[in-house]
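*Asks:* So that we are looking at the same thing, I have put the structure below in structure tokens.
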Amino acid sequence: MKRTAVMVAIVMIVSMVGNAVPPSEIFEDGFEYGDTCDWDVTVPQPCTFCADANTAALWHFDGGAGQVVADSSGWGRHLSLGPTSAVETDDPAWSAGRFGGGLSFDSSTLQYATGTHNVTFASNQLTVELWVRPTGGSGTWGDGQIFTAGFINCQMVTSTGDNTVYVAVGDGSSWNGMVVDAGVVDLDDGSWHYLVMTYDGTTLAAYIDGELADSQPALITLAHPQDLKVGGRPQNDFLDGWMDEVRLSTIARPPGEIAANWSAAQSCEVRSD
Ligand SMILES: [Ca+2]
Ligand SMILES: [Ca+2]
């Protein structure tokens, strides 16, 4: 088959499946879409998250300048600093991150990053993973919204005053959440912390620094969000601190993968500038 015929066939196939698969491309982290995120503990892990078939969004926060927070999942779910692409007081600032660049957030000027994107959770499962170095927040007990999808698909909140993390999943009108005691982990000790929430259709679970911190039954049919927010939401609870590496997935990632990510990160350099 001639090359042109092959291209036509590819275009036809792509048009037939619509948005079922993201475009094939090499991402900035060197992974190609379709690579598995191989978390086998016998295999050296990358320092940053990779994009696989279950990745709905992946923000490395390595842009360093401008208003666009690039999505490396292949789905094009880019965010803007603040509510618009203009330079404004509610733009978080590019900064050092846990791996390369990150974003710093100041709750006094209501800073967050956001984007309007449809996400479908076909298997009624999700995972949110991120790295955060909180110093406080604008809400009661230093509450800072660190990730919110829709009102409400899911949310994560750090509370440095009582050293807890709140996680919740929702169907768009009601939600099921839990306050998770960080225990021996001191959230605002100046170190980066790896926070994960998973929902597998029956159980809501929270992991702090690679270990299961708490779980509870939850029977929610997940809403399909159209807006994604990092570091705060317009009505309340903005983060003070730094964030890096946010990955949203359409499956509940297993405990072994989460533990392997934490373990692998221990040998990855933390930028000091
Ligand atoms: Ca802006
Ligand atoms: Ca980064």
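*Asks:* Which shape class, rounded, prolate or oblate, goes with the stretch 186-273 when its Cα gyration tensor gives a ≥ b ≥ c as root eigenvalues, a/c under 1.5 marks rounded, and past that a/b bigger than b/c marks prolate?
*Replies:* Cα axes put the stretch 186-273 in the oblate bin.
*Asks:* Additional query: Quick one: check the C-alpha center-to-center distance for the stretch 83-106 versus the stretch 151-198, whole angstrom.
*Replies:* 21 Å
*Asks:* How far apart, in nanometres, would the label points at Val184 and Gln235 be if each is projected 7 angstrom from Cα along the Cα-to-Cβ direction?
*Replies:* 3.9 nm
*Asks:* If you don't mind, there's one more thing I want to ask. Which values, in whole Å and largest first, are the semi-axes of the equivalent ellipsoid of the stretch 66-120 obtained as the square root of 5 times each eigenvalue of the Cα gyration tensor?
*Replies:* 19, 15, 9
*Asks:* Based on a Kirkwood Rh over C-alpha pairs, give the Stokes-Einstein translational diffusion coefficient of the stretch 122-273 at 10 °C and viscosity 1.306 mPa s in µm²/s.
*Replies:* 104 µm²/s
*Asks:* For Thr89 and His224, compute 0.36 nm times the residue count separating them, minus their Cα-Cα distance, and round to one decimal in nm.
*Replies:* Additional length available on full extension: 45.6 nm.
*Asks:* By how many nm would the segment from Thr116 to Trp141 lengthen if fully extended, with 0.36 nm per residue of separation less the alpha-carbon distance?
*Replies:* Between Thr116 and Trp141, full extension yields an extra 6.1 nm.
Here, each number is a calculation from the coordinates, and none is a lab measurement. Bear in mind that the values here come from a model prediction, so they are computed numbers and not experimental data. When we count neighbours, we look across all protein chains shown, and the Cβ atoms used for this are built from the backbone with ideal geometry, even at glycine.
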